[in-house]
Amino acid sequence: MSEGKDRGGFYDTGWQPAGDVHRDEDGRPHDHPGLQEDVVLGVRASRALAMHELLVEKDVIGGHEVDDAIELWSTRVPSNGATLVAKAWSDPEFKARLLEHPKETVVESGFVPEHNADIIVLENTSTVQHMVVCTLCSCYPTALLGPPPDWYKSFSYRSRAVTEPRAVMSEFGLELEEDVEVRVVDSNSELRFLVLPRRPAGTEGWSEERLAALVTRDSMIGVSAPLSPDAVQN
Amino acid sequence: MPAVHDRGGWPTDEPIDRQEHEWADWERQTQSLRTVLDQKGIMNVDELRRGIESIDPGEYVSTTYFERWSASIEMNLVEKGVLTTEEIDERAAALRDRWGNPE
Amino acid sequence: MPELLFSPGDRVLVRDETPPHHHRTPWYVKARRGIVLEFIGMYLDSETRAHGGSGLPELPMYRVEFDQTELWPEYAESPSDKLWVDLYEHWLERA
């Protein structure tokens, strides 16, 4: 019978993802590897952990496979998308390729979409602002933005993004002109959508690295604008 | 009324709660378990979604995102004969005992 | 590549059906009229794949644009606002 603490794999890889598995100062996993202090291991949580253990014991999956997937997930972060946006802002040829052949360009840039999903890049302009939602579940460009935030998966966002997108944007601090068309994209298929926000004014001559720091995750979902130059310390 | 998962335009004026919870380790494991099951051809995303959609509506609205994933993964694995409900029951109970949080 | 039923610019009506199986057509576009923006490709059938099928043969999918005022009788924001959804051909009829 395997013990969560003693079996190889997840807790013994020595691999330490940022903020992922909870470990003590010496790197050893907490006594309660499945949960933080004060968190009760609920029924569904315990069943999920049980399934993982059983699947490994029965050789349905390998002992390191979930570890490896966790490590892959740690590479899916919003700075991936921000890098692409900053490059698109800086290089018109790259931007054209990103809009015309998004999947190829994303893959060439080193980012592999989850389950080989197609990527579409939605360009915001002076007349169109895009906003992405998945009303049915939580579909999201995870390769470029990491896992979706809780609010994206919430009932309130899934409901209101389609009926009152501007009110939602307003909550995120974005107020649009009346003559800007708001285009809500309900991500209900195998395609995943990344918003290419507008380049902020006052950034002429900025390096891609500096530009990328302005590109927030939320601006690539479309609920808010990127940071302005004065919002960032130089 | 639409199915419980079909949430576009449901009546609500709830503001968006932008606070993001800290992930529990089991949630991270479950996210990755799904990835592995998909890669190995055991359960695809469409099956995951169907499982989530068939959760009892009362449970759907009162559980967390990854609790719903856990329910769907279980439904799929049991339906496919990969695991049995009984062995999951037994192991889950043992885990809860071990961590001192019996329910 | 099979013959496509719709072209960009076609006005379409989304079928008002609620099949018992998994489907990804949101309730709020059913029985609503929109415009085909483009054919986006052939995709595995998620409706059969969700129930243990292979998802073959692949089916044509289109991006359809709706006026928000068409979808929501009480839409209070700009009348020029739009909503996009990707739909399998079998969910669409000529309008």
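The values are calculated or read from the model by the stated rules, or taken from the named source; none is laboratory data. The model shown is predicted, which means the values in this text are computed figures rather than measured ones. Cβ sites come from the backbone with ideal geometry, for glycine too, and all protein chains shown count toward neighbours.
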(message) For the list (1) assigned by TED's automatic domain parsing to the domain that holds A:Ala161; (2) closer than 24 Å to B:Glu74 by Cβ; (3) in a loop (DSSP other than H, G, I, E, B); (4) not aliphatic (A, V, I, L, M), I need the number of the one condition that A:His115 fails.
(response) (3)
(request) Among the numbered conditions (1) more than 7 Å from chain A (Cβ to nearest Cβ); (2) within 20 Å of B:Ala3 (Cβ to Cβ); (3) touching a Ser or Thr at 6+ places or on another chain (Cβ under 8 Å); (4) part of a helix (DSSP H, G or I), tell me where B:Val78 comes up short. (result) (2)
(request) Among the residues of region B:13-28, count how many are facing chain A (nearest Cβ under 7 Å), surrounded by 15 or more Cβ atoms within 10 Å (Cβ to Cβ), part of a loop (DSSP other than H, G, I, E, B) and at pLDDT below 95. (result) 1
(request) Any residue in region C:53-64 that's within 17 Å of B:Asn44 (Cα to Cα): show its pairings with residues that are at pLDDT 95 or above and in a loop (DSSP other than H, G, I, E, B) at Cβ separation under 7 Å, as long as the two are six or more apart or on different chains. (result) C:Gly55/C:Leu44; C:Gly55/C:Asp45; C:Leu56/C:Leu44; C:Glu58/C:Leu44
(message) Pull out all pairs, ordered by first then second residue, where Cβ-Cβ is under 6 Å, the residues are six or more apart or on different chains, the first lies in region C:65-84 and is at the interface with chain A (Cβ under 8 Å from one of its Cβ atoms) and crowded, with 17+ Cβ neighbours inside 10 Å, and the second is of a type outside the set (Phe, Trp, Tyr) and part of a loop (DSSP other than H, G, I, E, B).
(response) C:Gln68/C:Asp81; C:Leu71/C:Arg32
(request) Look at B:Gly51 and say whether it is closer than 27 Å to C:Gly52 by Cβ, of a type in the set (Gly, Ala, Ser) and outside any helix (DSSP H, G or I). (result) no
(request) Answer with yes or no whether A:Ala86 is crowded, with 19+ Cβ neighbours inside 10 Å and either closer than 30 Å to B:Glu59 by Cβ or in the same structural domain as A:Ser207 (by TED's automatic domain parsing) (or both). (result) yes
(message) Only one of A:Leu72, A:Leu41 is among the aliphatic types (A, V, I, L, M) and more than 7 Å from every other protein chain (Cβ to nearest Cβ). Can you tell me which?
(response) A:Leu72
(message) Looking at C:Pro19 and the list (1) within 10 Å of the chain's Cα centre (by Cα); (2) assigned to a loop (DSSP other than H, G, I, E, B), which single condition is not satisfied?
(response) (1)
(message) Going through A:Leu211, A:Leu176, A:Leu194 one at a time, which residue ends up being in a loop (DSSP other than H, G, I, E, B), of a type outside the set (D, E, K, R) and modelled with pLDDT of 95 or more?
(response) A:Leu176
(message) Among the residues in region B:29-48, are any farther than 23 Å from A:Leu72 by Cβ and either outside any helix (DSSP H, G or I) or more than 7 Å from every other protein chain (Cβ to nearest Cβ) (or both)?
(response) no
